[in-house]
Amino acid sequence: MRLKTRRLLDRAFSGMGLIAIGVMALALVVILTPIISKGTGAFVFRSTIEHRKVMSDHWGRGNADRVEKAKGQAAAARKPVYDLLSAFESELDTMPRAERKPYKKPLRDLQKALQNLLGPAPGARTPVLIRQQYGATRWDRAKIKLDEVLYTEEWDYSNPEVLGVLVKTPRVEQFCGTKLEPLFAYVEENSKPMMQPRWTFYWQFLFDTSKDSHIFGGIGPEVLGTVYLTLGAMIFAIPMGVIAAIYLCEYAREGRVISFLRICISTLAGVPSIVFGLFGLAFFLNTIHISDSKSVLAGALTLSLLILPTVIRASEEAILAVPRTYKEAALSLGAGRWHTVMTVILPAALPGILTGIVISMGRAAGETAPIIFTAAVSVGRPLLPSQVLSNPTPALPWNIYNLCTEHEAVDEIRHVQFGMVFTLVAVVLLLNVVAIIMRAKISKKLRG
C-alpha cells in the first residue's frame, strides 16, 4: 500500500472515530439534559404553604413560628374566597328551586377545584386520604390547579377530520350576575398570597419515606433497597467471578470442556434479564425456598447470576493482559502457582478487574426484570440489615417503572419519577467515576 493511501486511510479512520465520539457525546447530552433538569426539580422547587404544612405535620420539620406566620397570612388571603362561597350559598337558598338547580353541579365542580388548590375549607370534615387533606404543595402544580379553578375544559369533536380540540371556557361565565362572580378575579390576582410560594431545597427527598403512595415524602426506602440489592449481588458475584477467571486462565487445560464452558459464559452474558428473573423465581423461591416469598436475598442471588458472566469475562481479560514475564519471574524465584497468582498476577490485574466489577455494579443497580419476581415491591418501609434475608424491598428501577405506568395520580408525581431516574443515573455515574479514580491510583501505584 502506498504511503499516500495509508495516510489518507489513517485520516479517514481518525475522522470517523472523532465523529463517532461526537455523536455519542451528543446523544449523552440529549438523554441526560431532561433527566438532570427535571430530576433536580424533586430537590429544588418553589414550595407552597401546603408543602410546609405537610413537612411540619408528618416530619416535624421547619421553623414553627415561621410556618404559623405563613399559615396565618395564607388563611387571611383565602378568607374572602370562603366568604364569597358562603354568600353565594346563602343566595342560593333565596332562589326559587328552578333557578337554583343549574348552579348545583358547577358549584360542586368549583368547590372540588378549590379543594385541590387550597385544601379542605375551614371547618370541613378532615378527609381520610392524606392527599385530600392538603392543597397543591408545589407552585408549578398550584398554577395548574389554579387554571382548573378559572376555566372549564371540554373536547370539541365537531370536526370529523381531527381527533378533538380542547376548548377552555372561563368558569366565571357560569356564575355571572351572582355573588360568586368576583371570586375568580380575586383568586387569579391573589394566588401567591394564598399559596405563599418560596424556593426550597428538599435534600431529604433522598432519605424520607413516602406518604400516600409517593404523593408526599421521598425515596429513602427505594434508595436503600437498591443499595441492598446491588451490594448483595456483588458479595456473591465477585468471589465466584474472580475465582472462575483464575481457574480458566491459570489452572484449566485447554480442551473441549473448557471451550464449552467459555461458550456457556459468553451465552449467559447475552441472555435477556427477564429469563434470569424467572429462573430466580423458579429456583430460589419455588425450589430451594430460601425465603417464604420475595426477599432481598433472592433478588441479590438472581442479580449475581445476571452479572456473573460479565465479572468472569472482565477478570479473565485483565488476568490475560498481565505480562507473562511477571509470572515467569515469580516462578523462577521459587514461588508456587497460587502464591504467584495472589501476590503478582492479581495485583497487576486489579485495575481491569475493578473496572469490570464497577460496570457490573451499575448494571445490577439498574436492572428491573430480575427483581420484579424475586425482590421488589411497590411500597414499603426501609429494611434493617437483619430483615434482608426474608423481606422484599422497594427499589429504584422497579418503582420508576411502576410510578410511570401504574400509579393512579401519575401527573401529580412527575417530579418523583424524574427524581428517581436522576438519582439512579447519578449513582451509576458515581460508581463509574469512582472506578476511574481508583483504577488510575492503583495503576500509578503499580508503576511505582
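The rows are residues; the columns are (1) within 14 Å of Met195 (Cβ to Cβ); (2) part of a helix (DSSP H, G or I).
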{"residue": "Leu107", "(1), (2)": "no, yes"}
{"residue": "Gln111", "(1), (2)": "no, yes"}
{"residue": "Asn116", "(1), (2)": "yes, yes"}
{"residue": "Val128", "(1), (2)": "no, no"}
{"residue": "Asp140", "(1), (2)": "yes, yes"}
{"residue": "Leu146", "(1), (2)": "yes, yes"}
{"residue": "Thr152", "(1), (2)": "no, no"}
{"residue": "Pro160", "(1), (2)": "no, no"}
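Quick grid of which residues meet (1) closer than 30 Å to Gly217 by Cβ; (2) surrounded by 12 or more Cβ atoms within 10 Å (Cβ to Cβ); (3) among the basic types (Lys, Arg); (4) at pLDDT below 90:
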residue: Ile31; (1), (2), (3), (4): yes, no, no, yes
residue: Gln73; (1), (2), (3), (4): yes, yes, no, no
residue: Glu89; (1), (2), (3), (4): no, yes, no, yes
residue: Glu99; (1), (2), (3), (4): no, no, no, yes
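For residues that are among the hydrophobic types (A, V, I, L, M, F, W, C) and surrounded by 12 or more Cβ atoms within 10 Å (Cβ to Cβ), scanning just region 243-259, find the one that is farthest from the chain's Cα centre (by Cα). The residue in question is Ala252.
From Ser56, Ser37, grab the single residue that is without any contact (Cβ under 8 Å) to a residue 24 or more places away in the chain and in the same structural domain as Leu183 (by TED's automatic domain parsing).
Working: Ser37 fails: in the same structural domain as Leu183 (by TED's automatic domain parsing).
Just one listed residue meets the conditions, Ser56.
Scanning region 188-205 for residues that are assigned to a helix (DSSP H, G or I) and within 25 Å of the chain's Cα centre (by Cα) yields Trp203, Gln204, Phe205.
Out of Thr267, Thr287, one residue alone is under 28 Å from Ile371 (Cβ atoms) and either outside any helix (DSSP H, G or I) or among the acidic types (Asp, Glu) (or both). It is Thr287. All of Met240, Met234 fail the test of being aliphatic (A, V, I, L, M), in a helix (DSSP H, G or I), at pLDDT 90 or above and within 25 Å of the chain's Cα centre (by Cα), apart from Met234. Of all residues assigned to region 381-390, at least one qualifies as being of a type in the set (Val, Ile, Thr), part of a loop (DSSP other than H, G, I, E, B) and out of contact with any Cys (no Cβ under 9 Å at 6 or more places or on another chain).
Does Thr287 count as over 30 Å from Lys143 (Cβ atoms) and among the polar types (S, T, N, Q)? Spell out how you get there, then give the answer.
On the way: over 30 Å from Lys143 (Cβ atoms): yes; among the polar types (S, T, N, Q): yes.
So Thr287 passes the test.
Scan region 206-219 and tell me whether some residue there is in contact with a Phe, Trp or Tyr (Cβ under 9 Å, 6 or more places away or on another chain) and assigned to a helix (DSSP H, G or I). Checking region 206-219: at least one residue is in contact with a Phe, Trp or Tyr (Cβ under 9 Å, 6 or more places away or on another chain) and assigned to a helix (DSSP H, G or I).
A quick yes/no check of all residues on (1) among the acidic types (Asp, Glu); (2) closer than 16 Å to Ala409 by Cα; (3) within 29 Å of the chain's Cα centre (by Cα):
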| position | (1), (2), (3) |
| --- | --- |
| Trp139 | no, no, yes |
| Leu146 | no, no, yes |
| Glu153 | yes, no, no |
| Asp156 | yes, no, no |
| Val162 | no, no, no |
| Leu166 | no, no, no |
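Among the residues of region 37-56, the ones that are surrounded by 15 or more Cβ atoms within 10 Å (Cβ to Cβ) and in a helix (DSSP H, G or I) come to 12 in all. Among the residues of region 301-358, those identified as touching a Pro at 6+ places or on another chain (Cβ under 9 Å) and under 30 Å from Ala375 (Cα atoms) are Thr302, Leu303, Leu305, Leu306.
Mind checking which helices (runs of 4 or more DSSP H) fall wholly inside region 297-368 and carry at least 3 residues that are touching a residue at least 60 places away in the same chain (Cβ under 8 Å), touching a strand residue (DSSP E or B) at 6+ places or on another chain (Cβ under 9 Å) and crowded, with 19+ Cβ neighbours inside 10 Å? Give the derivation first.
On the way: elements: 324-332, 337-340, 346-366.
Where helices (runs of 4 or more DSSP H) fall fully within region 297-368, none carries at least 3 residues being touching a residue at least 60 places away in the same chain (Cβ under 8 Å), touching a strand residue (DSSP E or B) at 6+ places or on another chain (Cβ under 9 Å) and crowded, with 19+ Cβ neighbours inside 10 Å.
If the condition is being assigned to a loop (DSSP other than H, G, I, E, B) and of a type outside the set (D, E, K, R), then region 174-187 contributes Cys176, Gly177, Thr178, Leu180. Of all residues in region 422-445, exactly one satisfies the criterion of being closer than 27 Å to Ile219 by Cβ, polar (S, T, N, Q) and out of contact with any Leu (no Cβ under 7 Å at 6 or more places or on another chain), namely Asn432. Of the residues making up region 116-132, those that are surrounded by fewer than 17 Cβ atoms within 10 Å (Cβ to Cβ), free of Cβ contacts under 8 Å to residues at least 40 places away in the same chain and not β-branched (Val, Ile, Thr) number 7.
If the requirement is being assigned by TED's automatic domain parsing to the domain that holds Ala70, closer than 23 Å to Asp57 by Cα and out of contact with any Asp or Glu (no Cβ under 9 Å at 6 or more places or on another chain), which of these qualifies: Gln133, Gln115?
On the way: Gln133 fails: out of contact with any Asp or Glu (no Cβ under 9 Å at 6 or more places or on another chain).
Every option except Gln115 fails the conditions.
The values are calculated or read from the model by the stated rules, or taken from the named source; none is laboratory data. These numbers come from a predicted model, not from an experiment. A quick note on method: Cβ atoms are made from the backbone with ideal geometry, for glycine too, and the neighbour counts reach across all protein chains shown.
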